[in-house]
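For reference, the structure discussed in these notes is given below.
Laboratory data are not the source of any read-out in this text; all were calculated from the coordinates shown. Computed from a predicted structure; not experimentally measured. Cβ sites come from the backbone with ideal geometry, for glycine too, and all protein chains shown count toward neighbours.
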Amino acid sequence: MTEEELIKGCLKEDRNCQLELYKMFSGKMFSVCLRYSNTREDAEDALQEAFVKIFDNLSKFRFDGSFEGWMRRVTVNTALRLVQKKTPLQFAEDIATTRSIADQTTIIESINERDLMKIVNTLPQGYKVVFNMYAVEGYTHAEIGAILGITESTSRSQFARARKSLQHNLQIMYQRD
């Protein structure tokens, strides 16, 4: 069954299509939830709520873009709302100019994804959310600012601070090995 046929079946509330759609995307969406949640249980709650929203709002999907991308946005927004409900995100003061660290040599390119995500999960929640939204999900700083209710420059500074913290933690980790 194609993705489009599954979606149309879900719109008709066909339980088999709903189950197949869930099986097809739940793993990927759970990974998204894990990136924003503090615990596995929180990620499971976010996934469940995200799929409820996905099925409730499936009629809003217009088949003119990536269905997985649409689901990912619903999932990210759901996970963010749950995180903010538990612990409001804290952001450092807005910094108008952030020192560029793009040209610094880093070990980030050589680390595996699992180890990187472990280190990302140690970041303060505000840094972690902005880092994930920008570096992993591909949101712009303007979009992040609009979603989180912060300025674009705050998003940029949080991302820069997250990267700097990640670089520092990676250097410490590799010095121990």
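Could you list Arg161, Arg73, Arg15 so that the one with the fewest beta carbons within 10 Å of its beta carbon is first and the one with the most is last?
Arg15, Arg73, Arg161
Using the number of other C-beta atoms within 10 angstrom as an exposure proxy, rank Ser165, Ser37, Ser66 with the fewest first.
Result, fewest neighbours first: Ser66, Ser165, Ser37.
Work out the FRET efficiency for Val136 and Arg15 from their Cβ-Cβ distance, taking R0 = 35 Å, and round it to the nearest 0.05.
So, using R0 = 35 Å, E works out to roughly 0.60.
Can you tally the net charge around Ala142? Count Lys and Arg as +1, Asp and Glu as -1, for every other residue whose Cβ sits under 12 Å from the Cβ of Ala142.
-1
Using +1 at the Cβ of each Lys and Arg and -1 at the Cβ of each Asp and Glu in region 3-86, identify which of Phe55, Phe25, Gln84 lies farthest towards the dipole's positive end.
Farthest along the dipole direction, towards plus: Gln84.
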